Every structure is written in C-alpha cells, then in structure tokens.
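Asks: The structure follows.
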Amino acid sequence: MDNESPSISGLEVKRRLAIGGMAELFVAVRASDDREIVIKTLLPGSEPLVHELFRRETEVLGLL
C-alpha cells in the first residue's frame, strides 16, 4: 500500500476503505489466519478530545 497506510505487525494493509473527519478505515489481512479485518486510525494532528472519543469508542466496541 502507499506510505500513508498504517504499519502494524502481523497485518498486511490492502487498501483504504474510507476517510472521515477524525479517522481513516483500512482493510487488512491478518497473517495468522488470512482473515480480512478493518483497522480504524486517527488522522494526524487530532486534538486530545478526539483521542478520548476514540478511546471510548474502542471500549464500547470491545463490549460487543
């Protein structure tokens, strides 16, 4: 993928899925089992409030 995609150990980022006001979504494949997953990353320069909202979102999604 391009230089702007995240680099995460154990994942191969395939493509950007979407970009919004505070984050980007990427499709990636896990090396361990070849499953496609979606990664959400904050845009560079995000304010502390956005970081807190992102953290809360991950907590809520973890409960599902």
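The values are calculated or read from the model by the stated rules, or taken from the named source; none is laboratory data. Because the structure is a prediction, the values reported are computed rather than measured. Neighbour counts are summed over all protein chains in view; Cβ atoms, including those assigned to glycine, are modelled from backbone coordinates with ideal geometry. Please note that ligands, DNA and RNA were not included when accessible areas were found on the heavy atoms of the full protein model with its side chains. Shrake-Rupley method; radii C 1.70, N 1.55, O 1.52, S 1.80 Å.
Asks: For the peptides 15-28, 32-45, what is the packing order when you average, over each peptide's residues, the other Cβ atoms within 10 Å and list the highest mean first?
Replies: Answer by packing, highest mean first, reads 15-28, 32-45.
Asks: Counting Lys +1, Arg +1, Asp -1, Glu -1, what net charge surrounds Leu17 among other residues with beta carbon under 13 Å of its beta carbon?
Replies: Counting the neighbours of Leu17, the net charge comes to +2.
Asks: Per-residue counts of other Cβ atoms within 10 Å, averaged by peptide: what ranking do you get for 56-64, 4-12, highest first?
Replies: Ranking, from highest mean packing down: 4-12, 56-64.
Asks: Can you tell me the 0 to 90 degree angle between the C-alpha axis of helix 48-63 and the longest principal axis of the chain, rounded to 10?
Replies: 60
Asks: Taking mean projected area of the Cα convex hull in nm² as the quantity of interest, determine which of (1) 4.1; (2) 4.6; (3) 5.0 was computed from the displayed structure.
Replies: Identified label for the calculated read-out: (3).
Asks: I want the local charge near Arg30. Using Cβ-Cβ distances under 15 Å, sum +1 for each Lys or Arg and -1 for each Asp or Glu among the other residues.
Replies: Combined, the nearby Lys, Arg, Asp and Glu give -2.
Asks: Set the Förster distance to 25 Å, then compute FRET efficiency between Lys14 and Thr58 from the Cβ-Cβ distance, nearest 0.05.
Replies: That pair, Lys14 with Thr58, gives E of 0.70.
Asks: Excluding ligands, DNA and RNA, what is the solvent-accessible area per residue of the chain at a probe of 1.4 Å, expressed in Å²?
Replies: 76
Asks: Placing unit charges on C-beta atoms (Lys and Arg positive, Asp and Glu negative, everything else neutral), compute the dipole magnitude of the chain about its Cα centre in debye, rounded to 20.
Replies: The dipole of the chain has a size of about 100 debye.
Asks: Under the rule of -39500 (n - 2.57) per DSSP H run of 4 or more residues, summed and divided by the residues of the chain, what mean residue ellipticity at 222 nm is obtained, to the nearest 500 deg cm²/dmol?
Replies: Helix contribution divided over all residues of the chain: -8500 deg cm²/dmol.
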